[in-house]
Amino acid sequence: METIKWIFKIFLSIVLLIVIAYGSFPSVIYVTGNKFVDYLKENSQTVSLGEAFNFDEISDHITNADFVLVGEIHGFHEPQLFDYNFFTYLHRNQGYQYYLAVVDLVQAHYLNTYLQTDEEEYLTLALRNWALIQGRRNESYYDKLRKLRDYNSKQDTTEQFQFIGIDKLQDLQLTVDFF
């Protein structure tokens with residue numbers, strides 16, 4: 001009976017610690033990062049899936065920004081449409097020339113080669129071992145890249161954008177083959 005009491009006390013203590021940690025996390029964030037929380041509250045906009053988004057509402061903020069970050073939901077069609085529409089808006093209206101992608105340097109090279117050649121093999125190579133499985137197996141993601149390629153091909157050579165890979169090495173064999 002004494003052993004059961006100890007096990008119950010340990011279990012209850014662990015549950016209590018988890019509840020305290022989980023409950024105090026938002027408070028700690030607001031205390032230690034309040035300036036960031038306030039900034040994000042004032043400078044962000046959330047759009048539900050399927051809802052139309054008017055980029056003109058944020059154009060002044062974008063004009064004054066050197067860098068724009070976009071959150072997304074992986075594995076769904078609508079965020080891929082938003083991403084395409086938003087990037088092409090940034091490119092056309094704000095002169096953005098670089099698309100930062102969660103790929104490594106070599107994958108970005110192959111994505112850029114795909115943009116220039118329209119040869120699907122480069123797109124497949126770039127994403128065959130991509131860390132984001134939701135994207136790798138998501139035809140909407142591939143369609144977005146195809147649409148970006150079509151969009152880019154219609155631009156003057158000096159106006160075309162390119163991908164920049166910002167992630168750690170994802171496909172060692174692809175890197176070895178590249179070099």
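The values are calculated or read from the model by the stated rules, or taken from the named source; none is laboratory data. Model, not experiment: these values are computed from the prediction. Cβ atoms come from the backbone with ideal geometry, glycine included; neighbour counts cover every protein chain shown.
Is at least one residue of region 111-131 touching a Gly at 6+ places or on another chain (Cβ under 8 Å), in the same structural domain as Asp167 (by TED's automatic domain parsing) and at pLDDT below 95? Checked against the condition, which is being touching a Gly at 6+ places or on another chain (Cβ under 8 Å), in the same structural domain as Asp167 (by TED's automatic domain parsing) and at pLDDT below 95, region 111-131 yields at least one hit. Taking (1) closer than 28 Å to Phe55 by Cα; (2) in a helix (DSSP H, G or I) in turn, Phe163 satisfies each apart from (2). Among the residues that make up region 36-55, is at least one of them surrounded by 11 or more Cβ atoms within 10 Å (Cβ to Cβ), assigned to a helix (DSSP H, G or I) and at pLDDT 80 or above? Yes, because at least one residue in region 36-55 is surrounded by 11 or more Cβ atoms within 10 Å (Cβ to Cβ), assigned to a helix (DSSP H, G or I) and at pLDDT 80 or above. On the given criteria, is Val103 surrounded by 16 or more Cβ atoms within 10 Å (Cβ to Cβ) and not in a helix (DSSP H, G or I)? Taking the combined requirement at face value, the residue satisfies it.
For region 132-152, filtered to residues that are at pLDDT 85 or above and of a type in the set (A, V, I, L, M), the residue that is nearest to Phe178 (Cα to Cα) is Leu145.
Contact map, region 155-179: first residue in contact (Cβ under 8 Å) with a residue 24 or more places away in the chain and surrounded by 12 or more Cβ atoms within 10 Å (Cβ to Cβ), second residue among the small types (Gly, Ala, Ser) and part of a helix (DSSP H, G or I), Cβ cut-off under 6 Å, separation 6 or more or different chains; pairs are Phe163/Ala108; Ile164/Ala108; Gly165/Ala108.
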